Amino acid sequence: MHQLPVEGLADAQAAMQQMSRMLDDLRALYAQRNAALREARRAQQDAMLRLALAAESRDGDTGRHLLTMGFCSEQFALCLGLPPGYARQLRLAAPLHDVGKIAIPDAVLKKAGPLDPQERLTMNAHTTQGAALLADACSDLMRLAAEIALTHHERWDGTGYPHGLAGEDIPLSGRIVAVVDFFDALTMDRCYRKAFTIEQALEQLRAQAGKSFDPQLCECFERHLDRLASVRAYVDRHRLQLTDLIDHEPCI
Ligand SMILES: [Fe+2]
Ligand SMILES: [Fe+2]
C-alpha cells in the first residue's frame with residue numbers, strides 16, 4: 001500500500017488540526033450570533049409587554065389581566081387546534097389589546113359614571129389608537145398585536161367598532177381575544193360589582209354567541225371551560241410575572 005512520506009503526514013495532520021480549529025471557531029461564532037438574536041427578540045418582547053403594562057396601569061390594573069389575557073388566549077388557541085407557534089405569538093400579542101388606552105384622556109378613561117356619546121366615541125378610539133401606535137411594525141408579532149388592538153371590539157353580528165366588521169371578516173386573533181377578554185372581565189372583581197361565578201359568566205357567554213362572538217369559538221370555549229377557567233388560578237399559584245409571558249411554558 002502507498003504511504004505518505006513522514007513530512008507529508010505531519011503536514012496533513014497540521015492541516016486537519018487547523019481545519020478542526022476553524023470549525024470550532026465557526027461553531028462558537030454561530031452560537032454567539034444565535035444568543036444575540038435571542039436576546040434581541042427577548043428585548044423586543046419585553047419592551048412590548050411593558051408598553052402594554054403602561055397602558056393597563058392607567059386603568060388601575062396591576063398586570064394580572066395582561067397575564068391572564070396572554071396565557072388564556074394561548075390556551076384557547078391550542079384548544080382550537082391552532083399551531084403552537086401561533087398560540088405562543090398570541091400569548092405575547094393579546095396583552096396589547098388595550099394599548100391604545102394610553103392615548104385616551106383621563107377625563108374619559110377614569111370617569112366614574114356612564115360616558116356620554118362623545119366620550120364613548122373617544123373611548124372607542126382606543127382600538128384605532130392602539131393600531132396606529134403599532135402600525136408599520138417590523139415584526140410579525142407586532143403586526144399581530146396591531147391586528148388585535150384594532151379588532152377586539154368588532155362583533156360577530158357586525159355591530160361592533162371601529163369598522164363594523166362581521167363574521168369571519170373579523171380576523172381570528174380579534175375574535176379569540178374578544179372572548180377571552182369578555183370572560184376574564186366578568187370573572188374579575190370590579191369596584192362596582194363582585195366577580196361573576198364561572199357558571200354566571202358562561203351563561204353570559206352563551207347569550208352572546210352569534211351576537212358579540214363567533215359561535216364556534218363560544219362552543220369550543222365552553223367545551224374546554226375547566227382548562228380555560230383555571231388559567232388565572234395557575235397564574236396566581238405560580239406567581240407568574242410579566243416576563244413569564246416570554247419565557248414560561250404554556251400553563252396547564
Ligand atoms: Fe378594548
Ligand atoms: Fe381587557
Q: Mind listing whichever residues of region 87-115 are crowded, with 22+ Cβ neighbours inside 10 Å, of a type in the set (D, E, K, R) and over 19 Å from Ala132 (Cβ atoms)?
A: Arg91
Q) Restricting the search to region 154-186, which residues are in contact with a strand residue (DSSP E or B) (Cβ under 9 Å, 6 or more places away or on another chain) and part of a loop (DSSP other than H, G, I, E, B)? A) Arg155, Trp156
**Q.** Arg143, sole failed condition from (1) assigned to a helix (DSSP H, G or I); (2) without any contact (Cβ under 8 Å) to a residue 40 or more places away in the chain; (3) in contact with a helix residue (DSSP H, G or I) (Cβ under 6 Å, 6 or more places away or on another chain)
**A.** (3)
Q: Test Phe221 against the stated conditions and say whether it is within 16 Å of ligand 1 (Cβ to nearest atom), under 26 Å from Tyr86 (Cα atoms) and surrounded by 17 or more Cβ atoms within 10 Å (Cβ to Cβ).
A: no
Q. In region 54-86, how many residues are crowded, with 18+ Cβ neighbours inside 10 Å, of a type in the set (Asp, Glu) and closer than 19 Å to Gly100 by Cβ?
A. 1
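Taken together, the values in this text are just the output of simple stated rules run on the coordinates, not laboratory data. This one's a predicted model, so the numbers in the text were calculated from it and none came from an experiment. Positions of Cβ are backbone-derived with ideal geometry, glycine not excepted, and every protein chain shown enters the neighbour counts.
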